[in-house]
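A short worksheet on the structure shown next.
The values are calculated or read from the model by the stated rules, or taken from the named source; none is laboratory data. Just so it is clear, the structure is predicted and the values come from calculations on it, not from any experiment. Note that each Cβ is placed from the backbone with ideal geometry, even for glycine, and that neighbours are counted across all protein chains shown.
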């Protein structure tokens, strides 16, 4: 029952943004900057690593800071490390190694397995990190929002949609068009467009940038954005390039899922247009006999942004079950044994 009460408290704090009794301070972990959010009195027993998503604001994104404060207000220590390549909107399989390094460092430091909060593509990278033999025992619970099982099927789903999230499209094109040796000026256009969206710039930089480029670059940019048939044709070419296929394989969660030991708490938007909820359903089907697992597919989030409304009341039982498993597994983990 205590875990149910904590689940309710967490839902309230995250949606309402009520975080009295917390303090946020700069920190460093494994040579990278981080934010550490603590209860005001400094007393805590468990640590939760909050892995930021592919946001231009990185570890200082208000959404991940909100999560960190909510957890700290409940008596947990939240650590939000910086992952510069993720903040730079680069899809890099080696990010999972850095996440694993942080898991090991913070678990050994606290003496208990850590919890992990993560979302979207960072969720897949975090699942891969948590499955590594070196740290699998050091993660007690994972709360994963809107993530994937197979990265290639996720990208295919996204790129075949008539209506797609522009921010996600800019990031995918920025990361994978180098395999087609597209001009650097074109890649910079997609990077600029993504940053315009990410920073919510009122004065967009994309327009002036494109105007400074030759007509050939402007036309190629237009085709990738507006011509779905052309875009899919180019994507098929990428899918035949060994280096691209290596990235897909390296980021595939189910390839390494047998190494996971942490309780898995999955939350997915019912109408997510970036990563479909079928990906979380596949994770559930694959892993529910291996680890404690709870899945909630909900209409209160899209791809990470909470939409408070009447639907929350209808889905409250499932939400409580999923969040309760996270807190129950986090709190119930035994102290780590020190090696001889």
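Yes/no per residue for (1) in the same structural domain as residue 92 (by TED's automatic domain parsing); (2) surrounded by 15 or more Cβ atoms within 10 Å (Cβ to Cβ); (3) closer than 16 Å to residue 158 by Cβ:
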position	(1), (2), (3)
176	no, yes, yes
181	no, no, no
199	no, no, no
213	no, yes, no
224	no, yes, yes
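Among the residues in segment 77-90, are any farther than 27 Å from residue 256 by Cβ, surrounded by 19 or more Cβ atoms within 10 Å (Cβ to Cβ) and in the same structural domain as residue 119 (by TED's automatic domain parsing)? Within segment 77-90, one or more residues are farther than 27 Å from residue 256 by Cβ, surrounded by 19 or more Cβ atoms within 10 Å (Cβ to Cβ) and in the same structural domain as residue 119 (by TED's automatic domain parsing). Scan segment 220-230 for residues that are outside any loop (DSSP other than H, G, I, E, B) and free of Cβ contacts under 8 Å to residues at least 40 places away in the same chain and the total you get is 7. Looking at this structure, is residue 69 over 19 Å from residue 139 (Cβ atoms), free of Cβ contacts under 8 Å to residues at least 60 places away in the same chain and under 18 Å from the mean Cα position of the chain (by Cα)? So residue 69 passes the test. Checking each residue in segment 279-296 for being crowded, with 16+ Cβ neighbours inside 10 Å and out of contact with any helix residue (DSSP H, G or I) (no Cβ under 7 Å at 6 or more places or on another chain) picks out 280, 282, 283, 284. Regarding segment 255-263, can at least one residue be identified that is touching a strand residue (DSSP E or B) at 6+ places or on another chain (Cβ under 6 Å) and surrounded by 19 or more Cβ atoms within 10 Å (Cβ to Cβ)? Among the residues of segment 255-263, at least one is touching a strand residue (DSSP E or B) at 6+ places or on another chain (Cβ under 6 Å) and surrounded by 19 or more Cβ atoms within 10 Å (Cβ to Cβ), which makes the answer yes.
Applying the condition of being in a loop (DSSP other than H, G, I, E, B) and touching a residue at least 60 places away in the same chain (Cβ under 8 Å) to segment 1-45 and asking which residue is farthest from the chain's Cα centre (by Cα) yields 45.
Against the list (1) modelled with pLDDT of 95 or more; (2) touching a strand residue (DSSP E or B) at 6+ places or on another chain (Cβ under 6 Å), the condition residue 138 fails is (2). State whether the residues of segment 78-88 include one that is part of a helix (DSSP H, G or I) and under 22 Å from residue 265 (Cα atoms). No, segment 78-88 has no match at all. Pick out the one residue from 13, 105 that is in contact with a strand residue (DSSP E or B) (Cβ under 9 Å, 6 or more places away or on another chain) and surrounded by 16 or more Cβ atoms within 10 Å (Cβ to Cβ). None of the others qualify; the one that does is 105. Per the conditions (1) in contact (Cβ under 8 Å) with a residue 24 or more places away in the chain; (2) over 22 Å from the mean Cα position of the chain (by Cα); (3) assigned to a helix (DSSP H, G or I); (4) within 30 Å of residue 254 (Cβ to Cβ), the sole criterion not satisfied by residue 170 is (2).
Results for (1) assigned to a helix (DSSP H, G or I); (2) free of Cβ contacts under 8 Å to residues at least 24 places away in the same chain, shown as yes or no for each residue.
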residue: 158; (1), (2): yes, no
residue: 174; (1), (2): yes, no
residue: 190; (1), (2): yes, no
residue: 194; (1), (2): yes, no
residue: 200; (1), (2): no, yes
residue: 207; (1), (2): yes, yes
residue: 218; (1), (2): yes, yes
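For residue 53, the conditions (1) within 25 Å of residue 166 (Cα to Cα); (2) surrounded by fewer than 17 Cβ atoms within 10 Å (Cβ to Cβ) all hold with the exception of (2). Scan segment 138-145 and tell me whether some residue there is under 15 Å from the mean Cα position of the chain (by Cα), in contact (Cβ under 8 Å) with a residue 24 or more places away in the chain and either more than 21 Å from residue 36 (Cβ to Cβ) or outside the structural domain of residue 60 (by TED's automatic domain parsing) (or both). Checking segment 138-145: at least one residue is under 15 Å from the mean Cα position of the chain (by Cα), in contact (Cβ under 8 Å) with a residue 24 or more places away in the chain and either more than 21 Å from residue 36 (Cβ to Cβ) or outside the structural domain of residue 60 (by TED's automatic domain parsing) (or both). For segment 280-302, the tally of residues that are at pLDDT below 95 and within 12 Å of residue 148 (Cβ to Cβ) stands at 0.
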